[in-house]
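Working notes, structure below.
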Amino acid sequence: MTGDGRGLSHIDGRPVWIHGALPGERVSFIYTRVARKRDEGRVEQVLEAAADRVTPQCDRFGVCGGCSLQHQDPTAQILAKQQSLLDAFSRSGGLTPREILGPLKEHQPWGYRTKARLGVKYVEKKGRVLVGFRERGSGFITETEACPVLDARVAHLHGPLGELVLGLSIRDRIPQIEIAMGDQACVLVFRVLDAPSAEDIRSLEAFGAEHQVHPYLQTGGPDSVCSLSSNAAGLSYSLPDHDLSMSFQPGDFTQVNQGMNRLMVNRAIDLLDPSPGDRVLDLFCGLGNFTLPLARRAREVVGIEGDTGLIERARENARDNRIGNARFFAADLYGSLGRESWMSEPFDLALLDPPRSGALEVLEHLAGLGVTRILYISCNPETLARDGAELVNRHGYGLTSAGVMDMFPHTHHVESVALFERQPAAGGGGP
Ligand SMILES: C[S@@+](CC[C@H](N)C(=O)[O-])C[C@H]1O[C@@H](n2cnc3c(N)ncnc32)[C@H](O)[C@@H]1O
């Protein structure tokens, strides 16, 4: 399969990427694009189905751009992701983890998504407002009544949201609605290009009361997001195994799948295995998702993050959870770090959880700190493998273990974890 969930075939030696085809099956397909490097197509008929082919649960599968793998059994999906991680390691300097960690997953892979951005479109000719994910490969909104990957509290709101927006005076001035859910509260941020009327505000409030959601408005950039009511929604998620409650704002980075996040945090702590005397560095720490659980086990944890709003939230979360051994600093981890005060402190362990582009820029500094174990959480196997090769080939670490986590079932996105441990220097030629 290709990295974005298409079946890969070759016709007369030319690669063809085919939407809806699985490895090992025979299909007929329609060409949708013929280009210099590769051709593209979409399955017309499955002639011989793969053993792991299943009936997609959503009737918009294939049209909606939200999912790309619903036609494959969820266990096969995560095993394919595991293979893509191992392939990426092997392409990048021939790395092989000493231990392959079994895929981390929940018992059922539906209704997991607590964050989403839905497109909104007033279609004058139909006298309707469509709300939903965009169609695959187009800017159009997918017409649907429900989405089975969204958290059950919002999975059926597409129709009611469309009717709500249709009744507003600014029905053609709302391009998107962003969903942000905590364990209790659910916020819907309406991006508005014109100010809503008093009547519009009343409709939004009534919708919020009826569907138990908190409507927010966004009039400009991310800083303009504010609650319609005088009280903020109080978004938070818990990490019960660490006795933590994490508060956040609607626009903040949080993991999209809170059930999996709880499992992932536990796996990270188990793998990094801090002792009570250890000092730990948590890079790309966000609002403290790993920092605070680590602080429960280690002597001290220092969290570094580029978004100053998240640093504020991390400090508040430490205070509210009565954690006194976590410090947070804002820094651009892709910039020059020589002058950062925390760079001259000693650390035993490090955790990294960078964006898709990886963390190549920071590895040199990290290796210089002399940490013995580095736990790398990644949403992109390619950059994880590239950075892993750097740690192994240039900085003297070994790849102890690695595995995938089912954070995004039915999509092609891959979440992985890898543990690197400093190797004893070989006779005279240390790292
Ligand atoms: C995958 S998220 C992980 C956040 C956190 N560890 C968590 O689990 O919630 C990546 C984080 O990297 C931060 N980030 C992106 N670019 C950055 C940069 N140049 N310097 C520092 N942090 C950055 C983002 O703001 C985001 O919080």
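Every number here is computed from the coordinates shown, using simple stated rules; none is lab data. Note that the structure is predicted; figures quoted are calculated from it, not measured. Because the Cβ atoms are built from the backbone with ideal geometry, glycine has one as well, and the counts that use them run over all protein chains shown.
Return a whole-number percent for the relative contact order of segment 7-53, with Cα pairs under 8 Å and 6 or more residues apart as the contact set.
36 percent
Can you sort R297, R373 by how many other beta carbons sit within 10 Å, fewest first? Each step should come with its number before you reach the end.
On the way: R297 16, R373 20.
In increasing order of surrounding Cβ atoms, one gets R297, R373.
By its C-alpha gyration tensor, with a ≥ b ≥ c as the square roots of the eigenvalues, how is the chain shaped: rounded for a/c under 1.5, else prolate for a/b larger than b/c, else oblate?
oblate
Can you tell me which of H211, H71, H412 moves the most in a GNM of the chain? Springs connect C-alpha atoms under 10 Å apart.
The residue that fluctuates most here is H211.
Roughly what % antiparallel, to the nearest 5, for the DSSP beta bridges in the chain?
So the antiparallel bridges amount to about 60 percent of the total.
Would you mind ranking F290, F408, F140 by Cβ crowding within 10 Å, fewest neighbours first? Can you show the working numbers first?
Working: F290 27, F408 22, F140 16.
Fewest-to-most Cβ neighbours within 10 Å comes out as F140, F408, F290.
Taking the alpha carbon gyration tensor of segment 115-227, what are the square roots of 5 times its eigenvalues, largest first, to the nearest whole Å?
After diagonalising the Cα gyration tensor, the semi-axes are 19, 18, 14 Å.
Say we join alpha carbon atoms closer than 10 Å with springs in a Gaussian network model of the chain; which of G159, G221, G234 then has the biggest fluctuation?
Evaluated over the chain, the most mobile residue of the options is G221.
Taking the chain, how many lysine pairs are there with alpha carbons less than 26 Å apart, if each pair must be eight or more places apart or span two chains?
Pairs that pass both the separation and distance tests number 4.
Whole number please: convex hull volume per residue of the Cα set in segment 155-311, in Å³?
Here the figure is 118 Å³ per residue.
Please build a GNM for the chain, connecting alpha carbons under 10 Å apart, and tell me which residue among M181, M405, M343 fluctuates the most.
M343
Just need the relative contact order of the chain here, percent rounded to a whole number, with Cα pairs under 8 Å and 6+ apart.
Details: 902 pairs, mean separation 60.3, N = 431.
Worked out over the chain, it gives 14 percent.
Percentage of Cα-Cα pair distances in segment 7-53 greater than 15 Å, rounded to whole percent?
The share of Cα pairs beyond 15 Å in segment 7-53 comes to 37 percent.
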